[in-house]
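The values are calculated or read from the model by the stated rules, or taken from the named source; none is laboratory data. Computed from a predicted model, the values in this text were never measured in an experiment. Every residue, glycine as well, gets a Cβ built from its backbone with ideal geometry; the counts of neighbours run over all protein chains shown. In case anyone asks, the SASA skips ligands and DNA or RNA and just uses the protein heavy atoms, side chains included. Shrake-Rupley method; radii C 1.70, N 1.55, O 1.52, S 1.80 Å.
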Amino acid sequence: LGIKSLVSCIAGAAIIGIIAVGAIYLVGNASEQRIAAEQQLAVDRHDLSAALEVALLQARRSEKHFLLRKAEDYVAKNAAAVKSAMEVLDRLGASDTNIEIRPVRDGIAAYSAAFTQVVELQHVVGFDAESGALGALRAAVHNAEKTLSDLHEPQLTILMLMMRRHEKDFIARLDPKYIDDMTQRAKEFEAALLASGMPENAKNQVRS
């Protein structure tokens, strides 16, 4: 080949080389951007998953405090934590459409509904010895005890105290066997009440 042909070949090879290097750079750059995007998605998903876990733990914490202390403010804290968990879950679903969030959402909704029912039942039972069914229980037994004390009925008083012991044991331990014990003592109390020499109106008052 002549010099011109050689120069042309070298120039052509250089151009082809430059084009090849550029193509490799573009492909590599696109691949790098894709990997970086996937990494960022993984980081975002990890952060959102951690935030979801924290929100659910805060909800459980408020739930436990409510069950231990019977305070209304923990109900609001639980609701706020559940709301936060739902919001984070929506963001997690929006960040990656391949994630199936509905089962998790349904689970959180079921948990929230169950806690709401627990709160409602606690209102029925009472938050302390003065409220709800506990308050009614306390007032009723105090009235009966006062009547028995005024009438000097030691046997009935003893049976009443045994019934109260079963009541306290049930409240402290939530063991159903104390319900059976209470039922048995109530039968014994009724029999002793019938056999006592108390006036009929006093018997009815104690019985009620």
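Tell me the residue from Glu130, Glu145 that is crowded, with 16+ Cβ neighbours inside 10 Å, charged (D, E, K, R) and within 30 Å of Leu161 (Cα to Cα), please. Explain how you work it out, then say what you get.
Working: Glu130 fails: crowded, with 16+ Cβ neighbours inside 10 Å.
When all the criteria are applied, what remains is Glu145.
Among the residues of region 174-196, are any under 30 Å from Ala79 (Cα atoms), at pLDDT 95 or above and of a type in the set (Phe, Trp, Tyr)? No - not one qualifying residue is present in region 174-196.
Can you find a residue in region 189-204 that is under 41 Å from the mean Cα position of the chain (by Cα), open to solvent by 90 Å² or more (accessible area, probe 1.4 Å) and over 30 Å from Leu67 (Cα atoms)? No: region 189-204 contains no residue that is under 41 Å from the mean Cα position of the chain (by Cα), open to solvent by 90 Å² or more (accessible area, probe 1.4 Å) and over 30 Å from Leu67 (Cα atoms).
For (1) modelled with pLDDT under 85; (2) within 30 Å of Ile101 (Cα to Cα); (3) out of contact with any Leu (no Cβ under 7 Å at 6 or more places or on another chain); (4) of a type in the set (Val, Ile, Thr), each residue gets a yes or a no:
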site: Gly17; (1), (2), (3), (4): no, no, yes, no
site: Asn29; (1), (2), (3), (4): yes, no, yes, no
site: Glu38; (1), (2), (3), (4): yes, yes, yes, no
site: Val43; (1), (2), (3), (4): yes, yes, yes, yes
site: Leu52; (1), (2), (3), (4): no, yes, no, no
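Sub-7 Å Cβ pairs linking a first residue in region 59-73 that is without any contact (Cβ under 8 Å) to a residue 24 or more places away in the chain to a second residue that is surrounded by 14 or more Cβ atoms within 10 Å (Cβ to Cβ) and in a helix (DSSP H, G or I), at least 6 apart or interchain, are Ser62/Tyr74; Ser62/Lys77; Ser62/Asn78; Ser62/Ala81; His65/Tyr74, ordered by first then second residue.
Arg164 fulfils the conditions (1) without any contact (Cβ under 8 Å) to a residue 24 or more places away in the chain; (2) under 30 Å from Asp44 (Cβ atoms); (3) surrounded by 12 or more Cβ atoms within 10 Å (Cβ to Cβ); (4) of a type outside the set (Asp, Glu) except for a single criterion, (2).
Specify which of the listed residues (Ala50, Ala14) is over 23 Å from the mean Cα position of the chain (by Cα) and assigned to a helix (DSSP H, G or I).
Details: Ala50 fails: over 23 Å from the mean Cα position of the chain (by Cα).
Just a single option satisfies the conditions, and that option is Ala14.
Restricting to region 111-140, name every residue that is under 22 Å from the mean Cα position of the chain (by Cα) and aliphatic (A, V, I, L, M). Within region 111-140, Ala113, Ala114, Val118, Val119, Leu121, Val124, Val125 qualify.
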